[in-house]
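A.B. asks: Got a structure for you, questions after.
The values are calculated or read from the model by the stated rules, or taken from the named source; none is laboratory data. This one's a predicted model, so the numbers in the text were calculated from it and none came from an experiment. We place every Cβ from the backbone using ideal geometry, glycine too, and count neighbours over all the protein chains shown. Remember, those area values only see protein heavy atoms, side chains included, never the ligands or the DNA or RNA. Shrake-Rupley method; radii C 1.70, N 1.55, O 1.52, S 1.80 Å.
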Amino acid sequence: MTTLRKIFLRREAGIAVMIVLFCLAVGAVKPQFLTLDQLRIILLLTPLVMIGAMGQMLVIVARHVDLSIGSMLGVSAMVSGMLYRYDATWFGVDMPWWGGIPISIVVGALLGLGNGLLITLFRLPAIIVTLGTLSLYRGLTFIISNAKQIDRQWIPSELKGLAQTSPIMGIPWIIFIAFGVALATYFFAMHTRVGRQIFALGSNPVAAPLRGIKVNQVTLLVFAISGALSGLAGILYASRWGFVNPSNTGSGFEFQVIAAVVIGGASINGGVGTVLGTVLGVLLLGCVSAALPLLGIPGTSQAAIYGAVILIALVIDRSVRQQGIASLKRARA
Amino acid sequence: MSTTKTAPAQADSSPVRPRWQTLLIRPETMTFMLLVVGVFGGSVLSPFFLDLSYILRSFTLYSELAIVALVLTMVIIAGEIDLSPAANMALSACIFAWAQASGVPIPLAIVIGLLSGLAMGALNAFLVIGLQLPSIIVTIGTLTLFRGLAQVLAGDKSIRVPEWFIGVDKIMLAGIPLPVVLFIVLAIGLGIVLGGTIFGRNIYQIGTNEVAARHAGIRSARIKSSLFLLVGLVASVAGIMTASRLGSVRYDIAAGGELQMVLMAMLGGTYIFGGRGTILGTFLAAWLLVIVSTGMIVANVLPAVQLVVLGGLLIVAIIATNLIYSRTQR
């Protein structure tokens, strides 16, 4: 098999082709869709989902699911927002503008660790635990903020600048941060021992402990990463939109992220998932979101599209698996 | 000689517990005791809790979710899960309201609403049983899809229903609001089906070990499909009842209802991994949840704290149920 053919047979190629076809189709109707300006709009839609999707991909690879990411995003953004609002001091000096970034990441990691502890200590299914913490963490957001929004004036302008100013070629910082997270996830998932253990755990949870994988530790780590990345997405939400609202911030985030991850080819049966596929899945959803207003489709249809995307991706995933089984049988015969 | 024959069997199994003990550590008993404690605590909090009609009126607010939770219990016992019924309620209510607003007579609009609910159940059944996809992710997808379609249909507006159609919760049968009567009747009916028929026993067997059940000749695909269809149908009934209670329909009715439905099933001792649970448990848990929620409202607890309590309760309930089951078996 030639290298070219191998590339085309990969799952990622299919998504890339879908992105190109979609953009060409929209561009044929509305030529302004194929401009650089539009590319900037698409890219600006993606960073938060991309960061969340990296964590969720690892969770799904480990054969779990994390429904609480939107609420973790909300809590961690709110904690930082409250600190900005009340001019918190760090060891006697005012909190620097970037102070919210590590704080949000740590808060998110702790919340994710909470999920992981419940799941591993009591052997509970992740779906029910995170359904519970989805509500629990959302309630926490209201409690710590006293149900009040953190308005524009409290968010440091340098932080808001991350979404506007750019180091190079007019591309804002947060897009670089998102792609940086994707690169780091790639390195972690493909080139570290723990990263490979996540895949081993997801492909066969029974065999994993027999091969010396510490299942509980790996599971805890995966949920902590998912939380930490939600935290990072939280502070970038504050940067991108300039406010933190106890009820809106992060709500529905989980559905966008899960849609992006499953369209990106991560298998819900665990053990399969790539960073490149997830990035492409995020970009595809970004293209769709950007095309809607141009095509005159109301924004209210977005949730329905995410739902349809999840289901279509599941059906594709199944047919790919069926083909794999069929080709294995042929090879054996 | 006869003693040696029976000895191995006895050595295998732990000593038989007295009947009162097995009854006492059933999760349903725990739910019942919590319910008693809840009513007692509530009555200390406010004398309203000793007024049955007040509790019945509070229950109507949760009766739609409770009705669906009864069927959801059977789905969970069969080893699957359905997170989409709350979104199904919203979509079928929107379809119903939209149909009658565009001139379809109400009875026909109700039929359309019910059929759409059934179709949503059929979609879940097709994806989970036909294509053998995991119900967890499938119903997350259909949850998003249904809620999204409801939003497409209704937009941000609310659709009004005619004056005479409003107020299903005000109709009283022997002093009990109609939705509560429906809940009780359905609970009795499903309790008999689940506990006393072959169909019901088959559900338990599928949930305990699906492969073994299939080898034993149980048509697991057919039974599970019928359960998903039933959830869809009952969810649409609940959706239309919600429309009648509220007097208007928005896309976000029963928002977050999936949490409360799963919570009712879990509080009632349904085992999340399938094979155990009873309708009685969910029946008691629905009352317990109403007492807790109403208690929090009476005590002026912030809505945010209520979110925390509900989420925490779900996790505590599932931990407790798992502990009870691991104690009593294996």
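A.B. asks: Listed residues B:G121, B:G155, B:G117, B:G141; which is open to solvent by less than 20 Å² (accessible area, probe 1.4 Å), of a type outside the set (F, W, Y) and at pLDDT below 90?
C.D. replies: It is B:G155.
Residue-wise test of (1) at pLDDT 85 or above; (2) in a helix (DSSP H, G or I); (3) out of contact with any Leu (no Cβ under 6 Å at 6 or more places or on another chain); (4) within 14 Å of chain B (Cβ to nearest Cβ).
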{"site": "A:G55", "(1), (2), (3), (4)": "yes, yes, no, no"}
{"site": "A:S71", "(1), (2), (3), (4)": "yes, yes, no, yes"}
{"site": "A:A77", "(1), (2), (3), (4)": "yes, yes, yes, no"}
{"site": "A:L110", "(1), (2), (3), (4)": "yes, yes, yes, no"}
{"site": "A:L113", "(1), (2), (3), (4)": "yes, yes, yes, no"}
{"site": "A:I119", "(1), (2), (3), (4)": "yes, yes, yes, yes"}
{"site": "A:I127", "(1), (2), (3), (4)": "yes, yes, yes, yes"}
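A.B. asks: Working only within region B:305-330, note down all residues that are under 20 Å from the mean Cα position of the chain (by Cα) and at pLDDT below 80.
C.D. replies: none
A.B. asks: Modelled with pLDDT of 85 or more and open to solvent by 10 Å² or more (accessible area, probe 1.4 Å): which single residue out of A:L236, A:L220 fits that description?
C.D. replies: It is A:L220.
A.B. asks: Inspect all residues belonging to region B:309-330 and state whether any of them is aromatic (F, W, Y), within 20 Å of B:G42 (Cα to Cα) and open to solvent by 10 Å² or more (accessible area, probe 1.4 Å).
C.D. replies: No; the residues of region B:309-330 include none that is aromatic (F, W, Y), within 20 Å of B:G42 (Cα to Cα) and open to solvent by 10 Å² or more (accessible area, probe 1.4 Å).
A.B. asks: Related question: Looking at B:A93, B:A78, which is the one that is closer than 30 Å to A:V61 by Cβ, modelled with pLDDT of 90 or more and more than 14 Å from chain A (Cβ to nearest Cβ)? Explain how you work it out, then say what you get.
C.D. replies: Working: B:A93 fails: closer than 30 Å to A:V61 by Cβ.
Every option except B:A78 fails the conditions.
A.B. asks: May I ask you to say which residue of A:G132, A:G81, A:G161 is more than 10 Å from chain B (Cβ to nearest Cβ) and surrounded by 23 or more Cβ atoms within 10 Å (Cβ to Cβ)?
C.D. replies: That would be A:G81, the only listed residue that is more than 10 Å from chain B (Cβ to nearest Cβ) and surrounded by 23 or more Cβ atoms within 10 Å (Cβ to Cβ).
A.B. asks: Also: List the pairs whose first member sits in region A:288-312 and is within 12 Å of another protein chain (Cβ to nearest Cβ), whose second member is among the charged types (D, E, K, R), and whose Cβ atoms are under 9 Å apart, counting only residues at least 6 apart or on separate chains?
C.D. replies: A:T300/B:D156; A:A303/B:R147; A:A304/B:R147; A:G307/B:R147
A.B. asks: Given A:I168, A:I174, A:I155, A:I150, which one is under 30 Å from A:R40 (Cα atoms) and touching a strand residue (DSSP E or B) at 6+ places or on another chain (Cβ under 7 Å)? Steps first, please.
C.D. replies: Values: A:I168 fails: touching a strand residue (DSSP E or B) at 6+ places or on another chain (Cβ under 7 Å); A:I174 fails: touching a strand residue (DSSP E or B) at 6+ places or on another chain (Cβ under 7 Å); A:I155 fails: touching a strand residue (DSSP E or B) at 6+ places or on another chain (Cβ under 7 Å).
From the options A:I168, A:I174, A:I155, A:I150, the qualifying one is A:I150.
A.B. asks: Any chance region A:220-232 includes a residue that's out of contact with any Lys or Arg (no Cβ under 7 Å at 6 or more places or on another chain), in contact (Cβ under 8 Å) with a residue 12 or more places away in the chain and either acidic (D, E) or within 10 Å of another protein chain (Cβ to nearest Cβ) (or both)?
C.D. replies: No: zero hits.
A.B. asks: Also, quick follow-up: Look through region B:137-171, keep the residues that are assigned to a helix (DSSP H, G or I) and more than 25 Å from the chain's Cα centre (by Cα), and return whichever of them is farthest from the other protein chains (Cβ to nearest Cβ).
C.D. replies: B:W164
A.B. asks: Right, A:F199: surrounded by fewer than 17 Cβ atoms within 10 Å (Cβ to Cβ) and part of a helix (DSSP H, G or I) or not?
C.D. replies: no
A.B. asks: Output the helices (runs of 4 or more DSSP H) that fall wholly within region A:245-333 and possess 2 or more residues being more than 16 Å from the chain's Cα centre (by Cα) and under 21 Å from B:A255 (Cα atoms), or say none. Let's see the steps before the verdict.
C.D. replies: Details: elements: A:253-263, A:275-295, A:302-332.
Answer list for region A:245-333: A:302-332.
A.B. asks: Taking the condition aliphatic (A, V, I, L, M) and surrounded by fewer than 24 Cβ atoms within 10 Å (Cβ to Cβ), does A:A291 pass?
C.D. replies: On the way: aliphatic (A, V, I, L, M): yes; surrounded by fewer than 24 Cβ atoms within 10 Å (Cβ to Cβ): yes.
Here the answer is yes, as A:A291 does meet what is asked.
A.B. asks: Mind checking which residues of region B:254-307 are at the interface with another protein chain (Cβ under 9 Å from one of its Cβ atoms) and buried (at least 20 other Cβ atoms within 10 Å of the Cβ)?
C.D. replies: Let us first name the residues in region B:254-307 that are at the interface with another protein chain (Cβ under 9 Å from one of its Cβ atoms), namely B:256, B:258-259, B:262-263, B:266, B:272-273, B:302-307.
Correct list: B:E258, B:L259, B:V262, B:L263, B:M266, B:I272, B:A304, B:L307.
A.B. asks: Just name the residue that is nearest to B:M264 (Cα to Cα) out of those in region A:135-146 that are open to solvent by less than 20 Å² (accessible area, probe 1.4 Å) and at the interface with chain B (Cβ under 7 Å from one of its Cβ atoms).
C.D. replies: Per the stated criteria, the residue is A:S135.
A.B. asks: If you don't mind, another one. Does region A:167-177 include one or more residues that are in contact with a helix residue (DSSP H, G or I) (Cβ under 8 Å, 6 or more places away or on another chain) and within 14 Å of another protein chain (Cβ to nearest Cβ)?
C.D. replies: No, region A:167-177 contains no residue that is in contact with a helix residue (DSSP H, G or I) (Cβ under 8 Å, 6 or more places away or on another chain) and within 14 Å of another protein chain (Cβ to nearest Cβ).
A.B. asks: Tell me yes or no: at least one residue of region A:263-284 is away from chain B (no Cβ under 14 Å), under 21 Å from A:L67 (Cβ atoms) and not small (G, A, S).
C.D. replies: Yes.
A.B. asks: For the list (1) in contact with a Leu (Cβ under 8 Å, 6 or more places away or on another chain); (2) surrounded by fewer than 18 Cβ atoms within 10 Å (Cβ to Cβ), I need the number of the one condition that B:R160 fails.
C.D. replies: For B:R160, the exception is condition (1).
A.B. asks: Exactly one condition in (1) touching a helix residue (DSSP H, G or I) at 6+ places or on another chain (Cβ under 8 Å); (2) open to solvent by 30 Å² or more (accessible area, probe 1.4 Å) is not met by A:G27; state its number.
C.D. replies: The single condition A:G27 does not satisfy is (2).
A.B. asks: Quickly run through region B:42-53 and pick out the residues that are surrounded by fewer than 16 Cβ atoms within 10 Å (Cβ to Cβ) and closer than 14 Å to B:W287 by Cβ.
C.D. replies: Matches in region B:42-53: B:L52 only.
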